[in-house]
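Student: Take a look at the following structure, please.
Read the figures in this text as sums done on the coordinates, not as results from a lab. Fair warning: this is a prediction, and the values are worked out from it, not measured in the lab. Cβ placement follows ideal geometry from the backbone for every residue including glycine, while neighbour counts extend to all protein chains displayed.
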Amino acid sequence: MIRNQLLKDPSVLFAGYKLPHPLEHKFVLRIQTTSDYSPQDALMHAITDLISELSLFEERFKASNEKKEGLD
């Protein structure tokens, strides 16, 4: 999800991740950006935007669920 959110940013040239080993709980995240934008800033913006999108999804889901329960 974070990778997809990073790729929505036009200043992000590359975003990818890999899992070195399936039994280890580690991943490697690589972010390449334009020269005027740091990878750290891109990651922070992507996480903030993703949290906003997920909050909106949650609100809409709850509203839809309440509406459906009202019909029963």
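Student: Got the relative contact order for the range 9-72 handy, in percent, Cα pairs under 8 Å and 6 or more residues apart?
Tutor: On the way: 42 pairs, mean separation 15.4, N = 64.
Worked out over the range 9-72, it gives 24 percent.
Student: Then there is this: Give the residue list of GluC sites (Glu not before Pro) in the chain that are DSSP loop and have at most 11 other beta-carbon atoms within 10 angstrom. Walk me through the numbers before you get to the answer.
Tutor: On the way: sites: Glu24, Glu53, Glu58, Glu59, Glu66, Glu69; in loops: Glu24.
Passing sites in the chain are Glu24.
Student: What is the sum of charges around Phe27, taking Lys and Arg as +1, Asp and Glu as -1, for the other residues whose C-beta is under 11 Å from the C-beta of Phe27? If you can, show how the numbers build up before the last one.
Tutor: On the way: positive: Arg3, Lys18, Lys26, Arg30; negative: Glu24.
Once positives and negatives cancel, what remains is +3.
Student: Let me ask you something else. To the nearest 20 debye, what is the magnitude of the charge dipole of the range 21-65 about its Cα centre, counting +1 on the Cβ of each Lys and Arg and -1 on the Cβ of each Asp and Glu?
Tutor: Computed charge dipole of the range 21-65: roughly 160 debye.
Student: Can you compute 3J(HN,Hα) from phi for each residue in the range 8-16, using the Karplus curve 6.51 cos²θ - 1.76 cosθ + 1.60 with θ = phi - 60°, rounded to whole Hz and x for Gly and Pro?
Tutor: For the range 8-16, the Karplus curve yields 6, 7, x, 7, 8, 8, 8, 9, x Hz.
Student: Just in the chain: which chymotrypsin sites (Phe, Trp or Tyr not before Pro) are loop by DSSP and have at most 16 other Cβ atoms within 10 Å?
Tutor: Details: sites: Phe14, Tyr17, Phe27, Tyr37, Phe57, Phe61; in loops: Phe27, Tyr37.
In loop regions of the chain (DSSP not H, G, I, E or B), the sparsely surrounded chymotrypsin sites (Phe, Trp or Tyr not before Pro) are Phe27, Tyr37.
Student: Which distance in nm do the two modelled labels at Gln32 and Leu19 give, with both placed 7 Å along the Cα-to-Cβ direction?
Tutor: Once both label points are built, they end up 2.5 nm from each other.
Student: Taking square-rooted eigenvalues a ≥ b ≥ c of the alpha carbon gyration tensor, is the chain rounded, prolate or oblate, where a/c under 1.5 means rounded and, failing that, a/b exceeding b/c means prolate?
Tutor: Details: a/c = 4.09, a/b = 1.82, b/c = 2.25.
Because a/c hits 1.5 or more and a/b fails to exceed b/c, the chain counts as oblate.
Student: When the Karplus curve 6.51 cos²θ - 1.76 cosθ + 1.60 is applied with θ = phi - 60°, which whole-Hz ³J(HN,Hα) does each residue of the range 34-45 get, with x for Gly and Pro?
Tutor: Once rounded to whole Hz, the list reads 5, 5, 8, 9, 7, x, 5, 5, 4, 5, 5, 5.
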